[in-house]
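Inspection log for the structure reproduced underneath, given as structure tokens.
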Amino acid sequence: MTDISTYALMAMTRKVDVSSAAAKARIRARYRSETLFKSCGIAALLVTGAFLVMLLTNILTNGLPSFWQHSLRLDVPLTAADIDPSGKGDPKEIAAGDFAAVARKALEAKFPGIEGRAELKTLGRLISVGAGDELRKAVLANPKLIGQTVKSRLLLEANSDLYLKGTGGGIAARPARGIATPTGTTGTIKILTSANDFAGDVEKAKSVLAARAAILSTEAARLERANTPDALVKAKAARDEAAEFKARYAQPKQVESLDDKLPSTLVEINGGLVKVEQISDTEIEGRVLIPLRSTDAATGSDWKIVTYLTPESNRKTTDLEIALLERLKSNGLIENHFNTLFFTAGDSRDPELAGVRGAIVGTVLTLLVTLGLCLPIGVMAAVYLEQFAPKNRLTGLIEVNINNLAAVPSIVFGLLGLAVFLNYFNLPRSAPLVGGLVLALLVLPTIIIASRAAIKAVPPSIKEAALGVGASHQQAVFHHVLPLAMPGIMTGTIIGMAHALGETAPLLMIGMVAFIVDVPNGLVDAATVLPVQIYLWSDLPEPAFKAKTAGAIVVLLGVLFVMNGLAIWLRKKFERRW
């Protein structure tokens, strides 16, 4: 007792050093540590936010253009010979009519001078194979349109649409100075100018040749260092080609040939367009892309030189396609509108016709099966483990396994679904029913854990009060504890369903990776889901599908944000503070 009193007296009489230099140094060190810790935390948040902004910006930049689509607005004659040859007005015959040919004829009428087979084929490629679908729907709804001319929207092909969205490279145009005289209106012609209007283009072509020669010389030197027979043969070929380019560059007055690896040079004159194939300072020889009206001489203000800055070999659209699109655009026949097909159509091999409706319906059906299974089973399991199960080794083992299952890789559940649901029970492959069963197994541990946490958060006094007024144990749990825990249970369920929405690996294992064109109508129809649709599109080589992939990601992220926002709203609205 005496020792305790002595220590207490010493503590009361001990002076705290807060004014000495050492004490102030310690305080400053603590403040510096605290400031450093706060700075590190803020820096971590800023870095995380910057990466998140970069990710979302990249997704939105690439994805939002897929929500818009370019189409031609043309007057289309609906001839009976193509639509209703028998003249009976039979809906089946009308539905089988060649509306694509009707659309192509309407487009060809806008370029009467283009008659070559290859040129007409290129012209027809500007519009989609489904360009006549809107016409078909209109005629089926009103057969009296046959024989009339209607203004219709013709969907452009994917590469044409991408070009109009700015992915095909820039165009530079400059007015000419001299008087130009063409030697013809179609085919291969020459254009003579009274001034050195093409001198700058010749210099640009020769500078490109010099750059090519330098690249080939470097490549030849690299191959020679390899010192293998095959490499030496390739090195000699590269040296010879580089020497040819250097010789052409060394002769400034030589007529230069332009190939598809150089920026395309064109001459716009007399309402037509000529692609330059050979060029000198005062003369060009080229192929007519759009026929000229006449061979009359044109002054500097009436003709100009156009350059497609991206070489033809580096883009999907040819020079002729760009020329035709630019002419249609200048005539006001191209319009940009919201891409309703992206949300109303199923998958397709043609990018401009592909949509996410089939994937969205498949996702909804799959998640309905998942929710219908995992919600009641998960909640009942949580109620039993938390309120009724005895605390013994068996229940402890079950709890440990539930926690472990929540951390199992998702593809393991896909393997389980493949072995059990497909191979043993012979359920249909690629069906929402099987997908829902697999995702229910995946989400079930998460819902059990979240439900147990919500039930445990209800104060024990609620249950004790119910028991005190005569309620049974079951009544106390289901009439009092469970309703109060339901907001937390629903929040955990929504987060678990959002987790299921983003899963791909388990669904790939059960065959939901198939190419599905039709929209599923039931739980056993072949279907796919949004994450798998994104995976399929990302693996396709067409550039237009890259934009579709980003657009589908935007849709998926939008659904995920809505589901997580709903979970936050439920928690804020129904959460009780005890």
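The values are calculated or read from the model by the stated rules, or taken from the named source; none is laboratory data. Since this is a predicted model, take the numbers as computed values, not measurements. A quick note on method: Cβ atoms are made from the backbone with ideal geometry, for glycine too, and the neighbour counts reach across all protein chains shown. To get the accessible areas, we keep the full protein, side chains included, count just its heavy atoms, and leave off ligands, DNA and RNA. Shrake-Rupley method; radii C 1.70, N 1.55, O 1.52, S 1.80 Å.
Scanning segment 393-446 for residues that are of a type outside the set (A, V, I, L, M) and part of a loop (DSSP other than H, G, I, E, B), which turns out farthest from A514 (Cα to Cα)?
P409
Inside segment 298-323, can you point out the residues that are aliphatic (A, V, I, L, M) and either open to solvent by 30 Å² or more (accessible area, probe 1.4 Å) or out of contact with any helix residue (DSSP H, G or I) (no Cβ under 6 Å at 6 or more places or on another chain) (or both)?
Within segment 298-323, A298, I305, V306, L309, I322, A323 qualify.
Which condition number does K110 fail, the rest of (1) open to solvent by 10 Å² or more (accessible area, probe 1.4 Å); (2) modelled with pLDDT of 85 or more; (3) not in a loop (DSSP other than H, G, I, E, B) being met?
Result: K110 fails condition (3) only.
Can you list the helices (runs of 4 or more DSSP H) found entirely within segment 457-526 that contain at least 3 residues being touching an Asp or Glu at 6+ places or on another chain (Cβ under 9 Å)?
Correct list: 482-501.
Exactly one condition in (1) surrounded by fewer than 20 Cβ atoms within 10 Å (Cβ to Cβ); (2) among the acidic types (D, E); (3) closer than 26 Å to T282 by Cα is false for D197; which is it?
(1)
Considering segment 249-270 alone, what residues qualify as being open to solvent by 30 Å² or more (accessible area, probe 1.4 Å) and out of contact with any strand residue (DSSP E or B) (no Cβ under 7 Å at 6 or more places or on another chain)?
Correct list: Y249, A250, Q251, P252, K253, Q254, D259, D260, K261.
Mind listing just one residue for me: the one in segment 47-71 that is exposed (fewer than 15 other Cβ atoms within 10 Å of the Cβ) and among the polar types (S, T, N, Q) and, of those, modelled with the highest pLDDT?
Out of the qualifying residues, it is T48.
For L36, indicate whether it is closer than 30 Å to G551 by Cβ and not basic (K, R).
no
From the list I360, I377, exactly one residue is among the β-branched types (V, I, T), at pLDDT 90 or above and within 30 Å of E157 (Cα to Cα). Which is it?
It is I360.
Looking only at segment 330-389, which residues are open to solvent by 20 Å² or more (accessible area, probe 1.4 Å), among the acidic types (D, E) and not in a helix (DSSP H, G or I)?
Matches in segment 330-389: E335, D350.
Check whether at least one residue in segment 216-224 is at pLDDT 85 or above, small (G, A, S) and open to solvent by 20 Å² or more (accessible area, probe 1.4 Å), and report yes or no.
Yes, because at least one residue in segment 216-224 is at pLDDT 85 or above, small (G, A, S) and open to solvent by 20 Å² or more (accessible area, probe 1.4 Å).
Return the total of residues in segment 478-524 being charged (D, E, K, R) and at positive phi.
0
Search segment 248-273 for residues that are in contact (Cβ under 8 Å) with a residue 12 or more places away in the chain and under 22 Å from I322 (Cβ atoms) and pair each with any residue that is open to solvent by 50 Å² or more (accessible area, probe 1.4 Å) and hydrophobic (A, V, I, L, M, F, W, C) when their beta-carbon atoms are under 9 Å apart and the residues are at least 6 apart or on different chains.
P263/L309; S264/L309; E268/A173
Would a scan of segment 334-350 turn up a residue that is in contact with a Lys or Arg (Cβ under 6 Å, 6 or more places away or on another chain) and within 30 Å of G170 (Cα to Cα)?
Yes - at least one qualifying residue is present in segment 334-350.
Mind checking which residues of segment 123-132 are outside any loop (DSSP other than H, G, I, E, B) and crowded, with 19+ Cβ neighbours inside 10 Å?
Step one: list which residues in segment 123-132 are outside any loop (DSSP other than H, G, I, E, B), which gives 123-124, 127.
L123, I127 - these are the residues of segment 123-132 that are outside any loop (DSSP other than H, G, I, E, B) and crowded, with 19+ Cβ neighbours inside 10 Å.
So is L292 farther than 19 Å from A211 by Cα, in contact with a strand residue (DSSP E or B) (Cβ under 9 Å, 6 or more places away or on another chain), part of a loop (DSSP other than H, G, I, E, B) and modelled with pLDDT of 90 or more or not?
When the stated conditions are applied, L292 passes them.
Please go through segment 533-578 and give me each residue that is aromatic (F, W, Y) and modelled with pLDDT under 80, ordered by number.
Of everything in segment 533-578, those that are aromatic (F, W, Y) and modelled with pLDDT under 80 turn out to be F574, W578.
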